[in-house]
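Every number here is computed from the coordinates shown, using simple stated rules; none is lab data. If you're wondering where the values come from, they're calculated on a predicted model, not measured in any experiment. Glycine gets a Cβ as well: all are built from the backbone with ideal geometry, and neighbour counts include every protein chain shown.
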Amino acid sequence: MKKDEAQKGVSPKTEPPKAEKHTLFRACTLAVLAALYGVSIPTFKKMIKPHLKKIGKRAGNLFTTRQILTIVKCIGPPCIILPW
């Protein structure tokens, strides 16, 4: 600690607290995503078809949060936001 800091009563530099990771989405089905985008399931499948390599395979019937973020980056944000 420098003399100036000691005289002013300033504590030594500490790292700021790390930001918590907050996700705006949780894992959900194709039907839920289609509803969020305000389209039918077949239309939503057509929307994401060109981006399937980036998105990857679903985990069972659900898209993971990482996959949903990739979808949002590829086709834009949904028109409806659920309060989760």
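Things worth noting here:
- Near Cys74: Cβ cut-off under 12 Å, other residues only, Lys/Arg at +1 and Asp/Glu at -1. The net charge is +4.
- Ranked packing of 28-35, 44-51, most packed first, by mean Cβ within 10 Å: 28-35, 44-51
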